[in-house]
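Read through the structure below, which is laid out as structure tokens, and then see the notes.
Values quoted throughout were computed directly from the atomic coordinates according to the rules given, and no laboratory measurement underlies them. Here the structure is a predicted model, which is why all the values come from computation and not from measurement. Note: ideal-geometry Cβ built from the backbone for every residue, glycine included; neighbour counts use all protein chains shown.
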Number of protein chains: 2
Amino acid sequence: MHKPEEDGKPSETLRAIFEPESVAIIGASDDSGRIGGRPLRYLLEAGFAGGIYPVNPNRDQVQGIPAYPDIRAVPVQVDLAIIALPADQVLSVLPSCAEKGVKAAIIFSAGFGETDAAGAALQAEMLALARRLGLRVLGPNCLGAFNAHTGFMGTFTQALKHGFLAPGSVAIASQSGACGGHLAYLCRQRGIGVGYWITTGNEADIGLPECMHWLAQHPTVRVIVAYAEAIRDGDGFVKALKLARSRGKAVVVLKVGRSAAGARAAASHTGALAGEDAVYDAVFRQYGVYRAGSVEELLDIAYACSHGVFPPDRSLGIVTVSGGVGVQMADAAAEYGLETPLLPADAQASIKAMIPFAGVTNPIDVTAQAANDKSLLGRCLEVVMGEGSFGAVVLFVTSAPADPDFAQRLLAVLGEIRKRHPGRLIVLSFVAPQTVVREFEAAGFLVFEDSNRAVRAIGALAAFARSFQRAASGPFDAPAPAERTYALTRGDIDGLNEQGAKALLAAAGIPVLDEILSASAEAAGEAAERIGCPVALKIVSPDITHKTEVGGVVLDIPTPELAVAAARDMLARVRGHLPAARVDGVLVSPMRRGGTETLCGVFRDPVFGPVLMFGLGGVHVEVLKDVAMRLVPLDRDEARSMVRELRGKAIFDGVRGAPPADVEALIDVLVRLSAFADSQRNVVGEVDINPLLLMPQGQGAIALDALVLPVSE
Amino acid sequence: MHKPEEDGKPSETLRAIFEPESVAIIGASDDSGRIGGRPLRYLLEAGFAGGIYPVNPNRDQVQGIPAYPDIRAVPVQVDLAIIALPADQVLSVLPSCAEKGVKAAIIFSAGFGETDAAGAALQAEMLALARRLGLRVLGPNCLGAFNAHTGFMGTFTQALKHGFLAPGSVAIASQSGACGGHLAYLCRQRGIGVGYWITTGNEADIGLPECMHWLAQHPTVRVIVAYAEAIRDGDGFVKALKLARSRGKAVVVLKVGRSAAGARAAASHTGALAGEDAVYDAVFRQYGVYRAGSVEELLDIAYACSHGVFPPDRSLGIVTVSGGVGVQMADAAAEYGLETPLLPADAQASIKAMIPFAGVTNPIDVTAQAANDKSLLGRCLEVVMGEGSFGAVVLFVTSAPADPDFAQRLLAVLGEIRKRHPGRLIVLSFVAPQTVVREFEAAGFLVFEDSNRAVRAIGALAAFARSFQRAASGPFDAPAPAERTYALTRGDIDGLNEQGAKALLAAAGIPVLDEILSASAEAAGEAAERIGCPVALKIVSPDITHKTEVGGVVLDIPTPELAVAAARDMLARVRGHLPAARVDGVLVSPMRRGGTETLCGVFRDPVFGPVLMFGLGGVHVEVLKDVAMRLVPLDRDEARSMVRELRGKAIFDGVRGAPPADVEALIDVLVRLSAFADSQRNVVGEVDINPLLLMPQGQGAIALDALVLPVSE
């Protein structure tokens, strides 16, 4: 698979696709309704200033401009070829494109990998040919791309039939053509400016990550909206997300296939191997991506980000002419991670002086009185803006601006406030005709009809702000600890027993118990004597992963004599259950009391590679699936956010009189395990520390059991 | 507080408010923009056919019709008085209203309980006067009511300034005037027909429950939309919900104050005592109410219900011209409680025969090919409707119907399908102008722009259908068990120790252990001998609720001798901690092994009365708040739904090789406890069974510890 070019050097391929100086349309049609005709019509209508060269062996002119029998006949250099031919003719024109020196080809044609085995074979053949010719390819089975800044319309999407989009700071990258078109249509309808739009279709060559990476580098792009069904290049995706974040660009993703039914549908739709959906969630969380649950939410957040104002903190001031809607917005604020601190007492008094029965804490309910007196509303809002020191302020005024007089007077009042408080986030919620909404937007306000959606968007903006701040304070990826210097081979790990696994983890800096492997029941007794009772006994075998199920664990043995007996019984039991298992002996461990059982581990996601997992132990993990995940490596902050993410996190504060847990020691373990998994990613396939016993503050965390497996061959 | 009239007999008061034959407006203004002028203008404009009598001592005519100096001067019978006077003049006109024989008064006036102590006192005085006069009152501080069927517009809401609402099957009852107005405006804008609309303001007399109860009885009402901040009359509310459900009417509620910040704001806004929000959730769940999280969601669901088609089951067929949106809808279906079973193999083959590369499982992705060929789309949809046997079908066609030709042809195709499948739920999702949407609605289809919101609405309809079916199969409230015949007094419960509490619960049919209360350490030893070791010892004292904290519990005592010693130590320990505590002795119990620790109990909600609570025991309840609640009494089905509601419910299926738990025995306990709490609701304030040990299937559930407290005096 081709990889995007290095950071800092924008991809020439994507430049050719988004910003070609000249484009040839192979299979150009005179019928502007057909797939080969539509892009030509769009290019002409949009006033694309670059060269447009229809290629059609049967006509001298297509849609009124000169046509060429073959791309090689075009008299000038061609940056980009659009191929609108039946699938079985695509391969025959690729050599001519290469000969002409085009930098990339957009292949609209369906009938490849999305269909059946024959189509997949044809796609593989096409890709091999393109690679051999040094030709980069978008598609096949895609709707192409457009650039609203230059009028380059390399697409046949129906979404442009009713008009082009105003250029703006939003860029859209979609794996699905139909969804991409739908998003474009909705953006146009809602007045969201879109600079760049691209659909990747079957992704034979160019995938979503490469597109996103290019967009993240582009100075006019402020928001990247991505529609994804399955990411194939996990590393490239993470690289694009990191780049976007480091440049303060918001990434909003609609990743479908969240449910089992959805994943089934996604698989049948794209034929791609989908990674575990929970891992996508982890990646999005880790790199500050907003994951939308619907097209509407996707565009709400994109719209909010497109204005480029991010609040400095999560505090929200709510000003409302309806107390009830104020309460709703306060509820929504809590739901979307915002805080609603009280208005300072002085400010409360100022508002009370103006409106005796106003609600003045927060929400600030200025009542219908302020709705009828715009100057009063303005003065209240000024108090909130000036003295409230909220990160963002939202103002709800029902459908009052549907009245043109009201709208104009409100606009005047708000314009003054905007002038006095430039750069602050003020969001309006009201219901009025689009023309009115546009006027308020032009004056620097975000407008949402629904007050809850307004608050949700503010929550998203605040989350982006935190993510950008964190990126600025970097570094994200933990430096390798000293233990990293060793290099393991697969052979070091294959067939490792519990003791070996613990030794490996101990070398990586993870605390384990002092234990003694005993080859016989008698030796176990001696070990118990040395360690001091009570002790625990565990069977040690590379062939047994679930020890309890074969009677391979006995806890709380009070005397060395009983340890001998217990070890003898255990060895007999295990031999009875699994006569063929290799048994290395019995591990004698000191019993640890108290503490909270947690578990952590590493597994390998097919798309994203090693993933660190942490959760509460016992039945919690199995019954409640209360776990947090991150890609490795990670730093302490990220590890801390994993701990905070658990629904059961309150257990670490100490419940029922228990002391608080040693969370810092836990974070140590997570960071070290992540560094270990990262540095040994080519050989370590899976790590399971279960339980990881978390002791009270100051007493550490300790791996009571461990398993390390090599990568699958 | 007045109560709504008995079931089956519609309230005369509400009839007078919603369907007056004659109305007097006291404080009627000639200025149609003022509060006293607006209702008159609306009544005249809406063509209200009943009598309209402005009352104004200073004018002979108001807005062109004859005015009267006093309501008593009106020459005919008056059903309803609207009072639009300053607060301090309201009391002076109430006697004249009573004298005239009006059935109810709507008081618009602000300046009562919503303001300050003086306002609250004025409101109390007004209410006392009204009661004495036998006058029912809506408000004060409310926006009144309207009836779109008759043109009765007893309101000054600005929402009607731009036009009246079309009458329809939706009724709106709102505690907040501003929210009520906002809802009315949005319904008009969205073309949702609203028959009745009422706002209750300060609820000095008439509250939301009484309004909902009346609406539930009205034959033209199909959906009740309620906006609530705090319900005062919990019993009346439940009664209204039960009535609505028994008549197959959907209730959709936006109850604000969900978060702490929201509750703070709600309290400051209404001054009402809000019940615990989680109890509202329980009530909504129990009586099949849809709780919306936003105004938008509220209206989405109301709109869906207003068509009156509820799917027979939860299965959803998804037909889409965009595979990606199909996957989104499948995800949404899973989120909103719907199932997406596969299309039968024959039907799959039929569609494949028409569109070779269609996705045919479910979602059924008919691809852009069908979007371009309406007859093909119609044939595919016919296969899905005819052979799919889905409870509901959703069809997504992007923004294609924005093209008028496409819209007309699609309408023709769908019209045929509608004819062949009358009464089936078909929901469309597309983006097009309102006029186009209205045409499809008129043809019998629900239309949603956003595909996820379409699926959410279908999920709500399916949930209503289940709720209605269950109501039809009744009874809901469990019959009293035999144990119910006894009648306790407060004195029977006050100061009850653990043993007493268990005896009470045993009498109510809840299994408890055979235990022996021992007055001395020696007696405890004898009891241990009789019961058989190992045993557990627990201190018994009416003054000690948290036994473990004072060392009052010792488990797993292996011999009677050790039981004597343990009892002696325990008594000494407890005396040391709590010298003043009355100690009844030491309870000796058999040790129970295995099983799952759960807990259940009853507490008293200030609004709704006794609430049954059930959850997983141990740290689960404290850390994860994983509990389910219901009002008592409840039947086995409802108890089963409580168990299913727990996030950790999988533990009952048996994890890590454990056998499944005896859920039927658990349900027994819940139903019996609920019947106990119901029958003794005047004396029992709180019950706490913790732990309730749930044994493997066939082995029952048993209360290991119990506490019963009387109601507070």
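Data overview
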quantity: About the Cα centre, charge dipole magnitude for segment A:12-305 (Lys/Arg +1, Asp/Glu -1 at Cβ), debye; calculated: 680
quantity: Ascending list, in nanometres, of distances separating the residue A:167 label from those of the other copies (7 Å, Cα toward Cβ); calculated: 5.7
quantity: Rounded if a/c under 1.5, otherwise prolate or oblate - segment B:596-710, Cα gyration tensor axes; calculated: prolate
quantity: Volume of the Cα convex hull of segment A:514-590, divided per residue and given in Å³; calculated: 68
quantity: Value of relative contact order over chain A, rounded to a whole percent, pairs C-alpha under 8 Å and six or more apart; calculated: 8
quantity: Neighbour net charge for residue A:648 - beta-carbon separation under 12 angstrom, K R +1, D E -1; calculated: 0
quantity: Spatially proximal aspartates and glutamates relative to residue B:161 (Cα-Cα < 16 Å; intrachain offsets below 8 disregarded); calculated: A:403, A:405, B:31, B:45
quantity: Only Lys, Arg (+1) and Asp, Glu (-1) charged, at Cβ; chain B dipole about Cα centre in debye; calculated: 1380
quantity: Per-selection Kirkwood Rh - chain B (Cα, Å, 1 d.p.); calculated: 29.2
quantity: Lys/Arg +1, Asp/Glu -1 at C-beta; the protein assembly as shown dipole; positive extreme among A:347, A:149, B:122; calculated: A:149
quantity: Under 14 Å, Cβ to Cβ, from residue A:124 - net charge with Lys/Arg +1 and Asp/Glu -1; calculated: -3
quantity: Ranked A:210, A:382, criterion: other C-beta atoms within 10 Å, fewest first; calculated: A:382, A:210
quantity: Percent of beta bridges antiparallel (DSSP, segment A:1-131, rounded to nearest 5); calculated: 10
quantity: Sequence of A:642, A:591, B:329 once ranked by neighbouring C-beta atoms within 10 Å, starting from the fewest; calculated: A:591, A:642, B:329
quantity: Cβ nearest the rotation axis (A onto B), residue from chain A and distance to the nearest whole Å; calculated: A:624, 4
quantity: Segment B:580-652 versus segment B:414-437: alpha-carbon centroid distance in Å; calculated: 47
quantity: Estimated vicinal HN-Hα couplings, Hz - segment B:14-31 in sequence order (Karplus 6.51, -1.76, 1.60; Gly, Pro = x); calculated: 5, 4, 5, 6, 8, 10, x, 8, 8, 9, 9, 10, 8, x, 5, 10, 6, 7
quantity: Which of A:389, A:651, B:698, positive extreme of dipole for the protein assembly as shown (C-beta unit charges); calculated: A:389
quantity: Cα centre as origin, Lys/Arg/Asp/Glu Cβ charges: segment B:306-433 dipole, Debye; calculated: 340
quantity: Sequence-distant residues sharing a close amide H with residue B:339 (under 5 Å, placed H); calculated: B:315, B:316
quantity: Residue mean of other protein chain beta carbons inside 10 Å, A:221-232; calculated: 1
quantity: Dipole axis of segment A:146-292 (+1 Lys, Arg; -1 Asp, Glu on Cβ), positive-most option in A:218, A:241, A:192; calculated: A:192
quantity: Whole-Hz couplings from phi, Karplus 6.51/-1.76/1.60, listed for segment A:683-691; x for Gly and Pro; calculated: 10, 8, x, 7, 10, 9, 10, 8, x
quantity: Sequence of B:533, A:187, B:179, A:211 once ranked by neighbouring C-beta atoms within 10 Å, starting from the fewest; calculated: B:533, A:187, B:179, A:211
quantity: Shielding by other protein chains, B:623-630, mean Cβ within 10 Å; calculated: 4
quantity: Computed [θ] at 222 nm, helices only, for the protein assembly as shown once each DSSP H run of length n ≥ 4 contributes -39500 (n - 2.57); calculated: -12000 deg cm²/dmol
quantity: For B:331-338, mean number of other protein chain Cβ atoms within 10 Å; calculated: 5
